[in-house]
1. Tell me the helices (runs of 4 or more DSSP H) entirely within segment 1-86 that contain at least 2 residues that are within 24 Å of the chain's Cα centre (by Cα).
2. Name the pairs whose Cβ atoms lie under 7 Å apart, with the first residue in segment 140-153 and among the charged types (D, E, K, R), the second modelled with pLDDT of 95 or more and assigned to a loop (DSSP other than H, G, I, E, B), and 6 or more positions between them or separate chains?
3. Quick check: is even one residue across segment 241-259 outside any loop (DSSP other than H, G, I, E, B), touching a Pro at 6+ places or on another chain (Cβ under 9 Å), within 10 Å of the ligand (Cβ to nearest atom) and within 19 Å of SER106 (Cα to Cα)?
4. Going through segment 276-315 one residue at a time, which ones are closer than 16 Å to TRP57 by Cα and either assigned to a loop (DSSP other than H, G, I, E, B) or of a type outside the set (A, V, I, L, M) (or both)?
5. Among the strands (runs of 3 or more DSSP E) contained in segment 109-225, which hold 2 or more residues that are more than 12 Å from the ligand (Cβ to nearest atom), surrounded by 19 or more Cβ atoms within 10 Å (Cβ to Cβ) and among the aliphatic types (A, V, I, L, M)?
6. Quick one: is GLY307 within 16 Å of the ligand (Cβ to nearest atom) and either surrounded by fewer than 20 Cβ atoms within 10 Å (Cβ to Cβ) or at pLDDT 95 or above (or both)?
7. Looking at segment 266-275, which of its residues are surrounded by fewer than 24 Cβ atoms within 10 Å (Cβ to Cβ) and either outside any loop (DSSP other than H, G, I, E, B) or within 16 Å of the ligand (Cβ to nearest atom) (or both)?
8. Just checking, does segment 41-54 include any residue being farther than 21 Å from HIS311 by Cβ, within 16 Å of the ligand (Cβ to nearest atom), small (Gly, Ala, Ser) and surrounded by 18 or more Cβ atoms within 10 Å (Cβ to Cβ)?
Amino acid sequence: MSEDAFAALQARDRALLWHPYASALDAPEVFPVTRASGVRLTLADGRELIDGMASWWCAIHGYNHPTLNAAVRAQLDDMAHVMFGGLTHAPAVELAELLAALTPDSLNRVFFSDSGSVAVEVALKMALQYWHSRGKPGKQKLVALRNGYHGDTFGAMSVCDPVTGMHHLFGDALPAQLFAAAPTCPPGTQCGDEDMADMRALLAEHADEVAAVIVEPVVQGAGGMRFYSADYLVRLRALCDEYDTLLIYDEIATGFGRTGELFALDHADAVPDILCLGKALTGGYMTLAATLCNGRVSHGISSGEAGAFMHGPTFMANPLACSVALASVRLLLEQPWQDNVRRIEADLASGLAPAAGLPHVTNVRTLGAIGVIELAEPVDMRTVQPLFVERGVWVRPFGRLVYAMPPYITGSADLATLTAAMVDVVATLGGN
Ligand SMILES: *Cc1c(COP(=O)(O)O)cnc(C)c1O
C-alpha cells in the first residue's frame, strides 16, 4: 500500500469511525495496519513496529501464530457458531474442563460470555442473585477498590474508580457502590491492620447491604498500573468471611501468566467465590470471556426463586473462540512460559531503569511481563503517539503512565529497542 493509500484510509476512518475513548470532532491520528506477525505490526505504508501492548494485553503468543491459526481453521470447517441454549459442543466442554483444572478446585462452574465487561456483569449478577436466593435481597451493594478498572458497561463501570471512571457524567443511571482505599502494601511484603482498616470499616458498616467485594488481584491495571501485596488478598478473604460477603477476583488483565504466576490468585492462598477471565484467554484471536464460580454460588442461585441464572449471551461459548482459547492455553502451558515472563521482567527492569533518573518521572516499576514508567503529569497522546511510531515501537500510554505489556515471545533484543524508545520518548517530554 502506498503512502497515499495510507492517508486515504486515515481520512475515510476520520470521516466515519469512532475510536475508543476518543473525540469524534477532533479525532487523534490513527495508524492503518495491514498485517501483524510475531511481535511486529506492519503499517499500511510498510513501516514495522515492535508491539509493546499485545493489543491491550491479549496477544500473549504474538500474532499470526501457526498453532492458533490452525485451531481456528479446523474449527471453521466443523462449525463457526451454534447457540448455547440447549446445545453444547466439545470446544466449550474441553475449555471449561481445562479452566477448572487450572484454577482452584472450588471454582467448578464456568459461564462463558463475549467480553471482559460482560464477564464482570455476569459476576455482579451472580452475587446479587445469590443473596436474593438466600433470602437476603437487601445485599445489593458492591465494594470495590479505588484505582480499580473492571470494564465499560454500566455494572462494570459502577465498580471502576469513580474519579478516573468519570462517574459524575452518568448521574443516577449508574448504581452507587462503595469504595475502599487501594492497597498500598508493596508486592512481597506483609500488610498490616492499617492496610485493611478502610475495607474493614466499610464492611462493618454496610454488612447487611454488601453482596460482594470485587478486586483485581495483585495488579490494578487500567485504573493506574498499581502493584500490591498478595497478602492483602489473604486478609481480604478473611474479612469477606467475617462479614458474610462474596469475593470476586477480576483476573481479566492478570490471567494467563502476566504477573509471573498463571493467575494472580496463585500468589496468595486466598480463593475467591467468583473469578473473571478474559483478554489473553484466546491469545488475542477472538473475543471470549469466562466467569467461574464455586458450588456455594451456583447451588445458591439454582435453588432460589428463579431456579436459574438469569443471563445468556447470543454468542455464548462461540465454538471458534473456545477452540482458539483451548489452543492458546495449551500452547502457553507446553512452553517454559514462567522462565520467559521472568526474563521479560528482568529485561523490562534493566531497560526502563534509566527513566528513574528523569526529573519528571515519579516511579519506575516492573512485575512479571509488565513494565511501567509513571510521570508527574499526564502525557499528551497527540504528541507522544507519533513519537513512538517514529521510533518503530507500538506503545500506547494513558494518563501519567507509559507502560509495556508485550507478547511473551518478545526477544531480548526487541525488548531493548522497546524500552530504549520508552525511556527516550519520556526524556523528550521533560525537555520543556
Ligand atoms: C480490560 C479489562 C476489563 C474489560 O474487558 P473488555 O473485554 O474490554 O470488556 C475488565 N476488567 C479488567 C481488569 C480489564 O483489564
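1. Working: elements: 3-16, 54-57, 66-78.
Answer list for segment 1-86: 54-57, 66-78.
2. Listed pairs, sorted by first residue: LYS141/GLN177; LYS141/GLU209; ARG146/ASP161; ARG146/ALA181; ARG146/ALA182.
3. First, the residues of segment 241-259 that are outside any loop (DSSP other than H, G, I, E, B): 241-242, 246-250.
Add one more test, that the residue is touching a Pro at 6+ places or on another chain (Cβ under 9 Å), and what stays is 246-250.
Filter again for within 10 Å of the ligand (Cβ to nearest atom), leaving 249-250.
This time we only want the ones that are within 19 Å of SER106 (Cα to Cα), so: 249-250.
Yes, some residue in segment 241-259 is outside any loop (DSSP other than H, G, I, E, B), touching a Pro at 6+ places or on another chain (Cβ under 9 Å), within 10 Å of the ligand (Cβ to nearest atom) and within 19 Å of SER106 (Cα to Cα).
4. The initial filter retains those residues of segment 276-315 that are closer than 16 Å to TRP57 by Cα, namely 276-289.
Answer for segment 276-315, where residues must be closer than 16 Å to TRP57 by Cα and either assigned to a loop (DSSP other than H, G, I, E, B) or of a type outside the set (A, V, I, L, M) (or both): CYS276, GLY278, LYS279, THR282, GLY283, GLY284, TYR285, MET286, THR287, LEU288.
5. On the way: elements: 141-145, 178-180, 210-215.
Answer list for segment 109-225: 141-145, 210-215.
6. Details: within 16 Å of the ligand (Cβ to nearest atom): no; either surrounded by fewer than 20 Cβ atoms within 10 Å (Cβ to Cβ) or at pLDDT 95 or above (or both): yes.
Criteria not met by GLY307.
7. Start the filter on segment 266-275 by keeping residues that are surrounded by fewer than 24 Cβ atoms within 10 Å (Cβ to Cβ), which leaves 266-271.
Matches in segment 266-275: ASP266, HIS267.
8. Within segment 41-54, the first condition is being farther than 21 Å from HIS311 by Cβ, and the residues that meet it are 41-54.
Those still in the list that are within 16 Å of the ligand (Cβ to nearest atom) too: 53-54.
If we keep only those that are small (Gly, Ala, Ser) too, we end up with 54.
Remaining after also requiring surrounded by 18 or more Cβ atoms within 10 Å (Cβ to Cβ): 54.
Scanning segment 41-54 turns up at least one residue that is farther than 21 Å from HIS311 by Cβ, within 16 Å of the ligand (Cβ to nearest atom), small (Gly, Ala, Ser) and surrounded by 18 or more Cβ atoms within 10 Å (Cβ to Cβ).
The values are calculated or read from the model by the stated rules, or taken from the named source; none is laboratory data. Every value quoted in this text rests on a predicted model; they were computed, and no experiment measured them. Neighbour counts run over all protein chains shown; Cβ positions are idealised from the backbone, glycine included.
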